1. Can you tell me how many residues within segment 173-197 are touching a residue at least 60 places away in the same chain (Cβ under 8 Å) and part of a loop (DSSP other than H, G, I, E, B)?
2. Looking at this structure, is residue 247 touching a helix residue (DSSP H, G or I) at 6+ places or on another chain (Cβ under 6 Å), closer than 25 Å to residue 357 by Cα and crowded, with 16+ Cβ neighbours inside 10 Å?
3. Contact list please: Cβ distance under 8 Å, first residue in segment 564-584 and at positive phi and in contact (Cβ under 8 Å) with a residue 24 or more places away in the chain, second residue surrounded by fewer than 17 Cβ atoms within 10 Å (Cβ to Cβ) and in a strand (DSSP E or B), pairs at least six apart or on different chains.
4. If we keep just the residues of segment 342-370 that are buried (at least 18 other Cβ atoms within 10 Å of the Cβ) and in contact with a helix residue (DSSP H, G or I) (Cβ under 7 Å, 6 or more places away or on another chain), which is nearest to residue 279 (Cα to Cα)?
5. One residue is enough: does segment 382-393 have a residue meeting the conditions more than 18 Å from residue 7 (Cβ to Cβ), touching a residue at least 12 places away in the same chain (Cβ under 8 Å) and assigned to a strand (DSSP E or B)?
6. What is the number of the single condition among (1) surrounded by fewer than 20 Cβ atoms within 10 Å (Cβ to Cβ); (2) in a loop (DSSP other than H, G, I, E, B) that residue 159 does not meet?
7. Report yes if residue 103 is outside any strand (DSSP E or B) and surrounded by 20 or more Cβ atoms within 10 Å (Cβ to Cβ), otherwise no.
8. Would it be correct to say that residue 357 is in a loop (DSSP other than H, G, I, E, B) and closer than 30 Å to residue 247 by Cα?
């Protein structure tokens, strides 16, 4: 069951989209440590690091900074950051303990969700009725997680909430070559060998209240890390880089039924605090003929506030389900400060505020209206048509359309013909970023939105209730893709591209309670620019096998195997990663032991900027143990 495809709960194989649903039980069985561990099992979805070493997901061959081409939702609430548009900025490391299920659309969802639902949508459903529980996880690299959750109330009023604190010293993997060691001018300045900085500290708080038709919920995230691989491509032994960000969102929603009508009204707000201290270059660095004895250090600060209204009315009359929705929101980027120890040719041992901001302050007003019609002219066919009109006061207006026909020629066979538009409005960085020596990229306020059109044919066969086999063929055509022009250093709408591919899936459950299951998927995609040049950095073929065996009512064993093919345009070959998790279950407590990368495989993610010649080395075998108690 999933709601992400149409906005209401329905069977996955009837949804007018290519949907994957991963339950809380499946997440616990695989021993997932965070959301990325869950997403890497989705067909045609690849996990890697972006150009500044932060986690990113690639879907159907499209890799974007911060995963800005994928819409992230928490309980249906959009949470992408307008500063870079991406969702992994905050949610790649999301704790899985409070998750009830994760729903993923592969393909565009802009006709329903607007901007950023460009190549996919990830809807993370947090539990609103958790049993009181406390858990503790201990793992490699001095990694710890403390989590507790609970709920209380009667039929009219109910409270729920969860708290998670995690910290880790990180893998801190060896780096033998960096950007400076390859530069004749700065070879003596390079501080290799060094190590990546993968420590992190993270707080997560989620709470909600429901009274009658009113639902109030909020979430607070506080994240700091070491920047993984330094943004500049240079090792600095002082290890001072510290990106920090805080995010708070809240929503009050009214939901009720009036005969054949369902109404939803809501107000929401969010606040993002962004503060990045970067230990950019080591002492003695020479840039454009000038030597800086104290190196380069800088700090960027900004805050973003968002306020919005939403409304939706759904009617079910004469076999038609019609949904009308309205949205409006205001985003403001401000409190911008830039501190640095270098200014033109001057260099200082300390930070001081410099007169040029790293980004311009900005405001964005956005409003939209969408309409969706679902109709079954005959019992074996269901037609979905929809459209959404978006207006941005800084980048103009857009129309996104969708169409889906689901045919069931037999009770065991489902055929989907899908068509949809994807939209991504430029982020604040792409519009208003200020160019500087260390980052020669400049925002362009004249940008248009990115656009795509998708065509899909999906076939699903259910020989019996516990076995399903499916094949999806897809083609995505992209235009107005935003890239940096190397001559002008401006962000520009420069590229057209096309992706074609196929996804194969099989699912089988058996045994008492259907706790035993085998899930297999394989995907192949070919992504090229209009001149037939391949898009680089992502794998053409991906695969996953998940085998779960409930040995006894109190014992569960799970093997998860991920295959990633050769990354196009890089020298990185294919690799296999195997994870194993054993759970010992009792009525009120459980203990689990997980081994990730069981066979200690040596593998790397590609560096998109080619600043680290050996790319991004990833950890070998890691172990963690989890103990939980339910009251």
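The values are calculated or read from the model by the stated rules, or taken from the named source; none is laboratory data. Just so you know, these numbers come straight off a predicted model, no measurement behind them. Virtual Cβ from ideal backbone geometry, glycine too; neighbours counted across all protein chains shown.
1. 12
2. yes
3. 569/534
4. Only one residue fits best here, namely 359.
5. So the first thing to find is which residues in segment 382-393 are more than 18 Å from residue 7 (Cβ to Cβ), and the list is 391-393.
When the remaining residues are screened for being touching a residue at least 12 places away in the same chain (Cβ under 8 Å), the result is 391-393.
From what's left, assigned to a strand (DSSP E or B): 391-392.
Yes.
6. Failed condition: (2).
7. Working: outside any strand (DSSP E or B): no; surrounded by 20 or more Cβ atoms within 10 Å (Cβ to Cβ): yes.
Against the criterion (outside any strand (DSSP E or B) and surrounded by 20 or more Cβ atoms within 10 Å (Cβ to Cβ)), residue 103 does not qualify.
8. Working: in a loop (DSSP other than H, G, I, E, B): yes; closer than 30 Å to residue 247 by Cα: yes.
When the stated conditions are applied, residue 357 passes them.
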